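Some notes on the structure that comes next.
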Amino acid sequence: MPLNLKYIYSAFLFIAGFAVMAQDKVKYFELEYNGAKVENCLYNSIKLLDSREDTSSFGSVRIGMLDKEVKVVSDGSFETQLGVLLTKMSGESSGQTPLVFQLRRLKFVEKAEAGREYGYCFFRASIFSSMSTGYKLISAIDTFMVVESKKEVTKQIIAYANKTFVNFVISALTIEPKQNTVLSLNEIVKIDSIEKAHIKVYTTDEYVNGVYRTFESFKDQTPDYSLFSITFEDGEISEIKAKNDKNRLRTINSEEVYAIVNNGKPYISAEFGYYPLVKNNNDFYFIGDDKVNYIKGQVVKSNSIFNPTEYVYTPLPITTQFEIKIDHMNGKFMRVKEIK
């Protein structure tokens, strides 16, 4: 390499390394509201009940030129943010009833595929009216947000999540509790167990044989196809056939299947195949293949004397195994951890 080009290349590595080190280590999620005051607001304070399984962050996004993965966190106390949000929304004639905001899920995920970037946010929460005898449900939300673009999506998905979050809170401020049912704090904390007690597949250890096209049919244990055959190759499901309404046997594509129960054993249908489902602590899990979410590049250690810390390379997309949990409310897949 000519000397001048060598210096230019070295300088580029140095600048790239400096840029990587200068990038933020986290991305803050801050609740923002600049709208009008809410007339006839019924509530005057709000407390946070954080019921998420992982309270260390709100998932992760990719930032900077290198799309470095960073955790999304609250800028300070999230309960304080909620209190400030309520103050901005409520008018002078607000009522005197306190609120309890139960945050059950708020998770950001970003990935890329076929030249496009995707931002996702899972949001589940409930708002309760606090009374002397207990708590009454005012409003609940369970939603999944998606942003797709050829450009960087972090700002868009965070703005989308903020808008959804704020609209959920503001819509509850003029609503009386919907139900007469009074819950204790312990019941709210264990709301997952209460919900599962009303879902058939979570209250039995004997599963109905059949092919299930949706999570709804699987959780109700009402198979869409009861007459079916399964072909195994090397211990894995390779083909499923089922009889249709005309009593004809046809091959069922994996995209048409949510789950299967064969000889009492449940299997889940995922992108890369069918995997056995295991119930543990009243949740369903499976070990399955999934793509590692590389976007533009991965930061790794360098041996260069000009940049001894990090440099960037663009790997090919790879597939690895994860422990994945089934969301009992909507059947979506939730990564628990990578299997190493």
*asked:* When you check ASP224 against the structure, is it among the charged types (D, E, K, R), at pLDDT 95 or above and touching a helix residue (DSSP H, G or I) at 6+ places or on another chain (Cβ under 9 Å), yes or no?
replied: no
_Contact list please: Cβ distance under 8 Å, first residue in the stretch 215-228 and in the same structural domain as ARG248 (by TED's automatic domain parsing), second residue surrounded by fewer than 17 Cβ atoms within 10 Å (Cβ to Cβ) and part of a strand (DSSP E or B), pairs at least six apart or on different chains._
TYR225/LYS243; LEU227/LYS243; PHE228/LYS241; PHE228/LYS243
*Just to be sure, is LYS196 without any contact (Cβ under 8 Å) to a residue 60 or more places away in the chain and among the basic types (Lys, Arg)?*
no
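Is it true that GLY119 is out of contact with any Leu (no Cβ under 8 Å at 6 or more places or on another chain) and farther than 30 Å from LYS150 by Cα? Full working, then the answer.
Details: out of contact with any Leu (no Cβ under 8 Å at 6 or more places or on another chain): yes; farther than 30 Å from LYS150 by Cα: no.
The answer is no for GLY119.
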_Cβ pairs under 9 Å, 6+ apart, first in the stretch 233-246 and farther than 13 Å from GLY210 by Cα, second assigned to a loop (DSSP other than H, G, I, E, B)_ = GLU239/ILE252
*Please find, within the stretch 70-83, the residue that is farthest from the chain's Cα centre (by Cα) out of those that are in contact (Cβ under 8 Å) with a residue 40 or more places away in the chain and surrounded by fewer than 16 Cβ atoms within 10 Å (Cβ to Cβ).*
ASP75
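The values are calculated or read from the model by the stated rules, or taken from the named source; none is laboratory data. Since the model is a prediction, treat every value here as computed from it, not as a measurement. For neighbour counting, all protein chains shown are included, and Cβ atoms are generated from backbone atoms with ideal geometry for every residue, glycine included.
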